[in-house]
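> This is the structure I want to talk about, given as structure tokens.
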Amino acid sequence: MAYLSRRISIIQKGGQRTEISEQEFFENEAPLVILGEPGSGKTALLEEVGRKFQIERLNASVIESLQILDDDVNAILVDGVDEVTAYKQGTSINTILSKIPKTTHFILSCRAVDWQNAVNTQIIRQKWGLEPVVGTIQPLNDREIIEFIRINDESVNADDFLNEAYLRDVVEMLRNPQHLLLFLDAVANKGWPSTRLELYDQAVTQLIQEDNKTHLSINRSASPTGEKIEAAGSIFAQLLLAGKIGVKIEGSTDLMYVTHSEFVNDEFDHDLVQSVLSSKLFRIAGKDRVIPCHRTVAEFLAGKWLASALNNQLSTRRLESLIYANHYIVPSAFRGLHAWTASLNPSIADRFIERDPYGILRYGDPATLLTPQAKKLLSELKKIAEDDPYFRDEDWFGTFGQGLAREDLRNDILDLIRNNHGPYQLKHLILKTLYGDPFAEGILDDLVEIVQDSNNTYAERAVTIETLISCKNPPNWANIINHLHDQDNIDSLRLSLNIVESDPNSFQGSIIASTLITLSRVMARDPHNHIAGLAFRLHKKLSIAQLDVCLNSFAEALLEEHQLLSQKEDIEEWLFKCLQERLKRALPDVEQVWSWLKNLDRYGNRSTEWYRFSFDFFLRATDYRQAIQTEAMRSTNNADDLLSLLWNTHYISQGLTVREHDLIFHMEKLLEEK
């Protein structure tokens, strides 16, 4: 696995938590302790430190077996303290530290749930006379997820993978490097799961597994996966229904945390509870606290456990009293748990659907519902939309499970999405649930009609395009784009651009350029329609051939008469972006470059990015700059034109300005020609 630098969270002397780089962390002249959840990258971090600073890394179990380290060892990395303390009764960190001389600087790593902070800190302080600096490895952010994917699997488009994870509402699970590797492997072998239930089942099975071979070998009496998942569901259900944040491993009581011992009972013994809390289902939230790795995982397992308990010892009335209290609505804190319980227990699905139909669709899995229940869900959603047409205002960007749409509901679905006068937000919602659903393949023509009908809102048409893109056999995009161009309005042209941006390499450069040029003209007609940032980064996805065609088209468009200023500015901006990308890839002929630049308005606005890039680029590429200047001079007809040209190149790019040594070069060249 390739290495990615990590961020470390520490608690400062004043008690304030702050985030620093790993380099800053290791610059501390004190005993250092690295904590992290399983799979967070503790071992990889110590391996990198050992390689960079030539420090030996030993497993804690190895140090435990030694008599004592040599006094001449300046520094030592001790990995896997939890592999000793978590399972061997009577063995403490004191045993490990007793083998390390006082003169040796050390760095320890340990799973957070197994780090007894108060006791261990006191032991270190007594022997070394220093307070240890305890750092926690931070979860990957979006940028780090993308970078991690790129350096570990070049075959995967990192941006697309992250976007897909967002669409499936599982991105939080990817913030642990081990989880991310598991997802990459699972998707590579089987593809993304087809239902939300399948996705969470696969994820939970992976998260509950013990990947550390040392832990596995020591703890041979570990409980089966099924028992662990059941215990985890029980723990999560208790936490959620009690409104608690997580579990406190040791120390004084905390009103927002449940103590470890409270989950131990006749069904789940101490070792089983400890095993669950030590798994990747939990992540650290402090020196002696753990919380669910993600709330959606907790809600899924809690709902799964409650759905099973309803078939055994738990009464429906008792559960409803816990969730609803004396109210009809479902509190927001319980909507996920409520949705999964309904999704996984058909006997109570109808009752729960009536209480919170949108919550069932938003947080549960409609694919698990029987057809009568799915029909009821659709009916209840219609009632909500009629009572409150804007019922989704606060949740516009939510993600939804597939499976509500099915052949038995085909007519109901089509009636709803074909209706231009029905509840707008419900129509958009149903269209959104069709993303990636095989059902969409069977109504392809109907979806195309929605895109091409300008009476539909932009949002409805845009989400339908996303659904069509997700189909295995998409429609003829060129025909759709031509139809949208003919409508000659801002929304239709933006939709054309959406289609192009979904897979730019599938379209000819002329279609891309035509879309942008027409869009600039329509926006210029009405200043209120102008939208900044369109086609952002599109140029980076185009091939050299596409860039050349676009540049030719933009240059020709600038020659058109009666252009409004804003239209010309938009075209020039796109021209500069494409030209900048073209110059980065490979140097085009100077004749081409000048043909793209010569029609630019000397008074036009130039982006700061173009000014900086072109100034540095042309200043460095002396021969290329002078060749462009030569080509430009050849295009003039008289002395006045030449003087004007020499002056105007400054406005195109300061890098093309004719300087003293350029003048000398051109004069010498003229003399040679004569």
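> Counting only residues that are assigned to a helix (DSSP H, G or I) and more than 18 Å from Glu556 (Cα to Cα), how many does segment 583-597 have?
The total comes to 3.
> Could you please let me know if Lys280 is over 26 Å from Leu361 (Cα atoms), in contact (Cβ under 8 Å) with a residue 12 or more places away in the chain and assigned to a loop (DSSP other than H, G, I, E, B)?
Yes: the conditions hold for Lys280.
> Considering only residues of segment 320-365 that are in contact with a His (Cβ under 8 Å, 6 or more places away or on another chain) and more than 15 Å from Leu377 (Cα to Cα), which is surrounded by the fewest Cβ atoms within 10 Å (Cβ to Cβ)?
Result: Val330.
> Which of the residues that make up segment 637-664 are assigned to a helix (DSSP H, G or I), at pLDDT 85 or above and open to solvent by less than 70 Å² (accessible area, probe 1.4 Å)?
Scanning segment 637-664 gives Ile652, Gly655, Leu656, Asp662.
> Considering segment 217-260 alone, what residues qualify as being among the acidic types (Asp, Glu) and modelled with pLDDT of 90 or more? Walk me through how you get there before you give the answer.
Of segment 217-260, the ones among the acidic types (Asp, Glu) are 227, 230, 250, 254.
Listed by number, the residues that qualify are Glu227, Glu230.
> Turning to a different aspect of this structure: Kindly list the number of the only condition in (1) closer than 19 Å to Met523 by Cβ; (2) surrounded by fewer than 17 Cβ atoms within 10 Å (Cβ to Cβ) that fails for Ile481.
(2)
> Tell me which residues, restricted to segment 518-559, are among the aliphatic types (A, V, I, L, M), outside any helix (DSSP H, G or I) and under 29 Å from the mean Cα position of the chain (by Cα).
Ile531, Ala532, Leu534, Ala535, Leu542
Conditions (1) outside any helix (DSSP H, G or I); (2) among the acidic types (Asp, Glu); (3) surrounded by 15 or more Cβ atoms within 10 Å (Cβ to Cβ), marked per residue:
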| residue | (1), (2), (3) |
| --- | --- |
| Ile8 | yes, no, yes |
| Phe25 | no, no, yes |
| Thr43 | no, no, yes |
| Ile68 | yes, no, no |
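> Identify all residues within segment 367-379 that are closer than 12 Å to Leu344 by Cβ and buried (at least 20 other Cβ atoms within 10 Å of the Cβ); write none if there are none.
Thr368, Leu369
> Right, something else. In segment 240-256, is there at least one residue being in a helix (DSSP H, G or I) and of a type in the set (Ser, Thr, Tyr)?
Scanning segment 240-256, I find no residue that is in a helix (DSSP H, G or I) and of a type in the set (Ser, Thr, Tyr), so the answer is no.
> Restricting to segment 39-83, count the residues that are over 20 Å from Ala2 (Cβ atoms) and either at pLDDT below 85 or of a type in the set (S, T, N, Q) (or both).
22
> Restrict the check to segment 594-605 and report whether at least one residue is open to solvent by 50 Å² or more (accessible area, probe 1.4 Å), out of contact with any Leu (no Cβ under 8 Å at 6 or more places or on another chain) and closer than 30 Å to Asp159 by Cα.
No, every residue in segment 594-605 fails to be open to solvent by 50 Å² or more (accessible area, probe 1.4 Å), out of contact with any Leu (no Cβ under 8 Å at 6 or more places or on another chain) and closer than 30 Å to Asp159 by Cα.
> If Phe576 meets every condition in (1) more than 18 Å from Ile490 (Cβ to Cβ); (2) in contact (Cβ under 8 Å) with a residue 24 or more places away in the chain; (3) open to solvent by 60 Å² or more (accessible area, probe 1.4 Å) apart from one, which number is that one?
If we test Phe576 against (1) more than 18 Å from Ile490 (Cβ to Cβ); (2) in contact (Cβ under 8 Å) with a residue 24 or more places away in the chain; (3) open to solvent by 60 Å² or more (accessible area, probe 1.4 Å), just (3) comes out false.
> Moving to a separate point now. Looking at Phe263, Phe268, which is the one that is farther than 13 Å from Ile291 by Cβ, touching a Ser or Thr at 6+ places or on another chain (Cβ under 7 Å) and either at pLDDT 90 or above or open to solvent by 20 Å² or more (accessible area, probe 1.4 Å) (or both)?
Among Phe263, Phe268, only Phe268 is farther than 13 Å from Ile291 by Cβ, touching a Ser or Thr at 6+ places or on another chain (Cβ under 7 Å) and either at pLDDT 90 or above or open to solvent by 20 Å² or more (accessible area, probe 1.4 Å) (or both).
> List the pairs whose first member sits in segment 232-246 and is farther than 13 Å from Ser279 by Cα, whose second member is part of a strand (DSSP E or B) and of a type in the set (Lys, Arg), and whose Cβ atoms are under 7 Å apart, counting only residues at least 6 apart or on separate chains?
What qualifies is Gly246/Arg289.
The values are calculated or read from the model by the stated rules, or taken from the named source; none is laboratory data. Quick caveat: nothing in here was measured; it's all calculated off a predicted structure. In this analysis, Cβ positions are derived from the backbone assuming ideal geometry, glycine residues included, and neighbour counts consider all displayed protein chains. Keep in mind that these areas ignore ligands, DNA and RNA; they rest on the heavy atoms of the full protein, side chains included. Shrake-Rupley method; radii C 1.70, N 1.55, O 1.52, S 1.80 Å.
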